[in-house]
Amino acid sequence: MNHNIITTPMNINGREFVLAEVTRGMGHIGVLRYSTDAYTATDFFYIENEPIIKIVNPNTSDKHAEKYIMQVSGSEKCSEAIDVRLNASAENLFRYNQDLARSAMPVLELLNTGLYVVHEAQMHPADGSGNFFWNNYCVKKAISGTSETHASIGDANFSPCFLMPTITASSFQIKKMYDIADKIKSGRQFGGVAYHVTGMYSALLKGHHEATAALMENVDFKCLVIEPLSDVVYDSSEQGQSNIEPKIVALSCPYVNIPLEGLSEKTIERFLLTRKHIKPNAFAEIKPKTTKYVRIMSKRAFPGLVYEKAAQLPDCAAVEASSGIDYITEEQLDALSAGEVKYTVIDEEGNEESKTIVSSNYYSSIVTVANYLQVNSFNRFLTFAISLLKNDELTSVHKFIAERLLGIMNPTVHEYFEEVSNRAEQKEGIITDTAGRYRVLWAEHLQRQQNEDESYQIKQRKNTQNMQAITEAKGIASLEAAVKNMGDSPY
Amino acid sequence: MSFESLSGVKINDSETKRAFIIADFFSVCESDEGVPRIYKWSDFQSVTETRDFFSLKSGADEFEIQKSLIRDPAVLIRVRAIIEGAIADNPNIDYKHGKRILPPKTLCSGCEIPTEAYVATGAYMEREINNSNITLHNPGFDKLIWVFAVFAAILVLALQFIFWGDITDISNLLVYTVISVFAGGIAGMTAYLFCAYGAKTLYGRILKDDPALLEDITFVICDKGFMAAETEVYDYSDIIRWNQVEYFIETKHVYIVFNKNKAVFWLPKRLFPKDIHKELGDFIADRLLQK
């Protein structure tokens, strides 16, 4: 098929991305509408001719309805050509540091005709509720953050950062994961490729082992994210005025809204002519597989630390709450740490002006900022949280912050809670109980880490022994072959 | 949205220097404006389809798309399917259309068609539609023609006796009777031809309104509902549910399903093997009231 892809690098409100226009694409990756009923719709995320993830919208008339998600198959059943292209995209971007547009090209060719936003973002291998992503979507269940719109986000942009696996857990290889972890330790960059499916969720096309290893090593996991551009935004300034029909002013996907003025007529026309639920060429092959899937639950056990660290990742509520904030400055954080909801700015004329940081409600400001920092800047979150806890005048938020830190196994947090526990021997405080619970969790965490290290060392030793045995066997074989050759030789 | 897998259509109007794009959104591109005006289908209050144009109204904006701008009948059918599919999803839109043999797609909803379904493909035949139209407009039509013929015969007989007649002459009586029977027959035949002409005219009008009558149609009858749609646009994912309609009648050639006393679905018996006609009739009768 003679596909045509036009890529345009863009930057809107500091969000860098590539707008890709795909014409006559291969249609090997996408979301297809399988069936609709009076109030429900069933979609499938598919790769090639394999339905991978089933997405059921239980109420199509309610845009806030959470969807039911279930993984029904794995992309390991697809042809190798797909994997080669995905691998090329990930390697180009994260290993060879090529530009986004060029890196995305191999995977863009696999998509359907339409407009796509391609960007690089930090992704979380979790289900938005603190559970590790692999093996977690094997039963049909409602997942929070999958609805089409989120009440508190509105038209604001966010990155669909939670990942859904596209290969089955039975394909997980612990050795491969440890190998990648070793390479991460030695400074090599790894990343993945993800495709936005619904709400805050993207399907991880490439990089399952890399995501797991990054989680183990406490390293950010970045992906080349592809989001179909399929929605529109109304002019908010005209809404609510009865005499004016609100106008559509921008095309949108979760990551960015692109104003119509910034696009060429041809691009807008391509967007308007493309239908969201066009059926792929392989629909006839995919359809029978959608009803004949078996549960793909695997007994594969992942390292205990993976589950523990997945629980520390931000959840849907944190992403939702943080989406309304573009950036938080150090001055704003200092003001909040001092118990203020406003901070002072000096305008161009040198006048001092007092501005509200997030909201006039202090507690809600703290919740929002904590969510924002935990999603976007983990180290700043730790510093901010501990500075709040150290301010004795802010006891009203201490319980909330301490509970937030409870799931985070980090030496800084541990050190602080140790201090609180020691202090509690003299005087009970509001977070003494939380500090005690943290002590127990920390001990368990250390034990788990030790077990993990031991099992890793045993595996490494076994590997080394195996390698030695193979080398020796090869040596003996080559020696025998040499002797045989000598025997055969006329000399 | 029903019929959501059909690809979008751009219609250029060189006279008004406008272009319309009909797909998931409705958009109007004016040649002098850089950015097109984009409307969600839910923005529209009314849509009208006449023989010559589609008219769409959103607030103060009203757009008229002349059908003559779409030269290819297949594209016209696609445009109508997209519009009606969008209206099916937005039932608040007031939709008016001309006479039609195919059911309006505004009644459709998405559905996974079960494997056990009666499916047939074929075009409508003018004869079966005309016959059924005559029956539809005059339910007791056969009896009426007979009564009219007999009445005409008696009238001619009476007139002969008044003007010419001597009833005592038996030979006269025989001649007058034969002439009266002939006259009655001719009157009956004329009445039938008159009605047939009326039906043919009606069919001509419907044909002008609905070019789909010349296309191959896919018919589906299943437990969940029924459908008749142009084969070219139908992908077996939309259906009209039984609870959307009221009753059906059976004529010699077709089953006709009614909604609000309007015929919405004509199912030609010819497309199914003769031995399942009774089974098919019973299947519909199990789900709808028969009149």
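Worth a mention:
- Residue match in the range B:2-24 (condition: crowded, with 22+ Cβ neighbours inside 10 Å, within 19 Å of B:Val264 (Cα to Cα), in contact (Cβ under 8 Å) with a residue 12 or more places away in the chain and under 24 Å from the mean Cα position of the chain (by Cα)): yes
- Of the strands (runs of 3 or more DSSP E) lying entirely inside the range A:155-272, the ones with 2 or more residues being within 11 Å of another protein chain (Cβ to nearest Cβ) and over 27 Å from A:Val72 (Cα atoms) are found at A:231-234, A:248-252.
- Restricting attention to the range B:63-73, the residues that are surrounded by 13 or more Cβ atoms within 10 Å (Cβ to Cβ) and at pLDDT 90 or above add up to 7.
- Residue within the range A:26-41 that is in a strand (DSSP E or B), free of Cβ contacts under 8 Å to residues at least 40 places away in the same chain and either acidic (Asp, Glu) or in contact with a Lys or Arg (Cβ under 8 Å, 6 or more places away or on another chain) (or both) present: yes
- The range B:64-101, residues that are within 13 Å of another protein chain (Cβ to nearest Cβ) and farther than 19 Å from B:Asp209 by Cα: B:Ala86, B:Ala88, B:Asp89, B:Asn90, B:Pro91, B:Asn92
- The range B:32-56, subset within 11 Å of chain A (Cβ to nearest Cβ) and surrounded by 16 or more Cβ atoms within 10 Å (Cβ to Cβ), residue farthest from the chain's Cα centre (by Cα): B:Val35
- Where helices (runs of 4 or more DSSP H) sit wholly within the range A:291-410, those with at least 2 residues that are within 30 Å of A:His445 (Cα to Cα) occupy A:304-311, A:316-322, A:362-376, A:378-390, A:395-406.
- Within the range A:273-290, the set of residues being assigned to a helix (DSSP H, G or I), at pLDDT below 90 and at the interface with chain B (Cβ under 9 Å from one of its Cβ atoms) comprises A:Phe283 only.
Listed here are the residues, each with its yes/no results for (1) of a type in the set (Gly, Ala, Ser); (2) part of a loop (DSSP other than H, G, I, E, B).
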site: B:Ala81; (1), (2): yes, no
site: B:Glu84; (1), (2): no, no
site: B:Tyr95; (1), (2): no, no
site: B:Lys99; (1), (2): no, yes
site: B:Pro103; (1), (2): no, yes
site: B:Thr106; (1), (2): no, no
site: B:Glu112; (1), (2): no, yes
site: B:Val119; (1), (2): no, no
site: B:Arg127; (1), (2): no, no
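- Scanning the range B:1-18 for residues that are closer than 12 Å to B:Ile70 by Cα, at the interface with chain A (Cβ under 10 Å from one of its Cβ atoms) and either among the aliphatic types (A, V, I, L, M) or assigned to a loop (DSSP other than H, G, I, E, B) (or both) gives a single hit, B:Val9.
- Of the criteria (1) surrounded by 18 or more Cβ atoms within 10 Å (Cβ to Cβ); (2) within 30 Å of B:Val220 (Cα to Cα); (3) in contact with a Cys (Cβ under 6 Å, 6 or more places away or on another chain), which one B:Ala117 fails: (1)
- Single unsatisfied condition, A:Val107 versus (1) in contact with a Phe, Trp or Tyr (Cβ under 9 Å, 6 or more places away or on another chain); (2) not in a helix (DSSP H, G or I): (2)
- Of all residues in the range B:77-114, those being farther than 28 Å from B:Glu279 by Cβ, in contact (Cβ under 8 Å) with a residue 40 or more places away in the chain and surrounded by fewer than 15 Cβ atoms within 10 Å (Cβ to Cβ) number 4.
- The condition (being at pLDDT 75 or above and out of contact with any Cys (no Cβ under 9 Å at 6 or more places or on another chain)) is satisfied by just one residue among A:Gly487, A:Gly475, A:Gly436: A:Gly436.
- So B:Leu174, is it touching a Lys or Arg at 6+ places or on another chain (Cβ under 8 Å), assigned to a helix (DSSP H, G or I) and among the aliphatic types (A, V, I, L, M): no
- Wholly within the range B:190-290, strands (runs of 3 or more DSSP E) carrying at least 3 residues that are farther than 30 Å from B:Arg71 by Cα and out of contact with any strand residue (DSSP E or B) (no Cβ under 8 Å at 6 or more places or on another chain): none
- Taking the numbered list (1) part of a strand (DSSP E or B); (2) surrounded by fewer than 17 Cβ atoms within 10 Å (Cβ to Cβ); (3) not small (Gly, Ala, Ser) in turn, A:Val139 passes all entries but (1).
The values are calculated or read from the model by the stated rules, or taken from the named source; none is laboratory data. Bear in mind that the values here come from a model prediction, so they are computed numbers and not experimental data. Backbone-built Cβ (ideal geometry, glycine too); neighbour counts: all protein chains shown.
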